[in-house]
Structures are given as C-alpha cells and as structure tokens.
Amino acid sequence: MKKFNVLVVDDEQEFRELTVKRLNKRGLEAKGAESGAEALKKLEHSKHNDVALLDVKMPGMDGIETLRQIRAQHPLVEVVLLTGHASVDSGVEGMKLGAFGYLLKPIELEPHVEKLAEAYEKKRLHEEKIEQAQTKKFMSMPT
C-alpha cells in the first residue's frame, strides 16, 4: 500500500491518539486534531494533505460543518466521516456534501484502512487528471 497522509479529527483524546498510533504502525502518515477548527488550521499549514478521518459529533464545529469548510478550502482532500452514534442520517448528509464515505465506531482497523486507501486513490486520480489537463493546456498554447 502506498504511503499517504491521514488527519484523524476527533474530540475524544484516547480514541484519536490510539487511531493515529495504529495508522502510523500500518505505514501511513497519521496526525491528530481535537476539533474542526484545529483540523482546518493543520490543513492550512501543511503542504501535503490526502485524507481526513472526521468524527461527526464534536463540540463546537461539528463534523458536518468541518466537512463543508474542508470542501470549500481544500477541495482535493478526501473526507471519510466517522460516527459512534450510528447516525446514518449524518453519514448520508455528509455524502451529499462530498464526503467519500462514512464508518462507524468502534473502529475495526482493516476495513477502515481499506476505506482510507480508497479515498486516497480517488484523490490521487483526481490530481492526476488535473495534471494531465494542465499539461494538455500548456502543450496547446501557441509559441
């Protein structure tokens, strides 16, 4: 599996730290954020962002609002929503807003890593298409 970055956004410190640790052990580059606001700051200050694993239920800015902000400010970052409340409604709402998918807590590492890898692959293909379009545009410019 190709190495990619995952930002784990969850207000539950123990869950967030354990998830980051487990993803890093699997060879991914994971880091954590305890809130939507912190996640947006980390995305802003990092040059390389691939996938955000985003808890839906958080105090302050919830996961759905954070998703809206990520979509507006970082459209190439893929978002996978995470909920411990079996709230299918919020998962569906998130999908309508552009989330790649949603997963339920407690997390089973294997299926979660697979979903994150699928989200990364979608992002990578999107970036490749953008690069091809830019190259084609550049090659067709009159000299």
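The values are calculated or read from the model by the stated rules, or taken from the named source; none is laboratory data. These numbers were taken from a predicted model, which means no experiment stands behind them. All Cβ positions, even for glycine, are placed from backbone atoms using ideal geometry, and neighbour counts span all protein chains on display.
Odds and ends about this structure:
- Residue among Glu118, Glu93, Glu44, Glu14 that alone is more than 30 Å from Lys129 (Cβ to Cβ) and not basic (Lys, Arg): Glu14
- Residue check, His85 within 15 Å of Tyr120 (Cα to Cα), at pLDDT below 95 and either of a type in the set (Lys, Arg) or surrounded by fewer than 22 Cβ atoms within 10 Å (Cβ to Cβ) (or both): no
- From Leu76, Leu116, residue being assigned to a helix (DSSP H, G or I), out of contact with any Asp or Glu (no Cβ under 6 Å at 6 or more places or on another chain) and under 16 Å from Asp50 (Cβ atoms): Leu116
- The numbered conditions (1) within 15 Å of Val20 (Cα to Cα); (2) buried (at least 18 other Cβ atoms within 10 Å of the Cβ); (3) of a type outside the set (Phe, Trp, Tyr) are all true for Leu109 except (2).
- All of Thr83, Thr19 fail the test of being polar (S, T, N, Q) and touching a Phe, Trp or Tyr at 6+ places or on another chain (Cβ under 8 Å), apart from Thr83.
- Applying a threshold of 6 Å to beta carbon distances and a minimum spacing of six or more residues, or different chains, the list of pairs starting in region 7-29 at a residue that is in contact (Cβ under 8 Å) with a residue 60 or more places away in the chain and more than 22 Å from Leu67 (Cα to Cα) and ending at one that is part of a helix (DSSP H, G or I) and of a type in the set (A, V, I, L, M, F, W, C) reads Arg22/Leu109; Arg26/Val113.
- Flag if Lys21 is more than 18 Å from Arg124 (Cβ to Cβ), modelled with pLDDT of 90 or more and touching a Lys or Arg at 6+ places or on another chain (Cβ under 9 Å): no
- In region 96-106, the residues that are surrounded by fewer than 17 Cβ atoms within 10 Å (Cβ to Cβ) and part of a loop (DSSP other than H, G, I, E, B): Leu97, Gly98, Pro106
- Close pairs from region 83-104: first closer than 19 Å to Ala117 by Cα, partner surrounded by 16 or more Cβ atoms within 10 Å (Cβ to Cβ) and at pLDDT below 80, Cβ under 6 Å, at least 6 apart: Tyr102/Gly91
- Being under 13 Å from the mean Cα position of the chain (by Cα) and within 19 Å of Leu18 (Cα to Cα) holds for only one residue in Ala99, Ala33, and it is Ala33.
- Complete set of residues in region 11-66 that are of a type in the set (Gly, Ala, Ser) and either surrounded by fewer than 17 Cβ atoms within 10 Å (Cβ to Cβ) or part of a helix (DSSP H, G or I) (or both): Gly27, Gly36, Ala37, Ala39, Ser46, Gly60, Gly63
- When region 1-10 is limited to residues that are of a type in the set (A, V, I, L, M) and surrounded by 18 or more Cβ atoms within 10 Å (Cβ to Cβ), the one that is farthest from Leu116 (Cα to Cα) turns out to be Val9.
- Meets criteria (polar (S, T, N, Q), assigned to a helix (DSSP H, G or I) and surrounded by 13 or more Cβ atoms within 10 Å (Cβ to Cβ)) for Gln132: no
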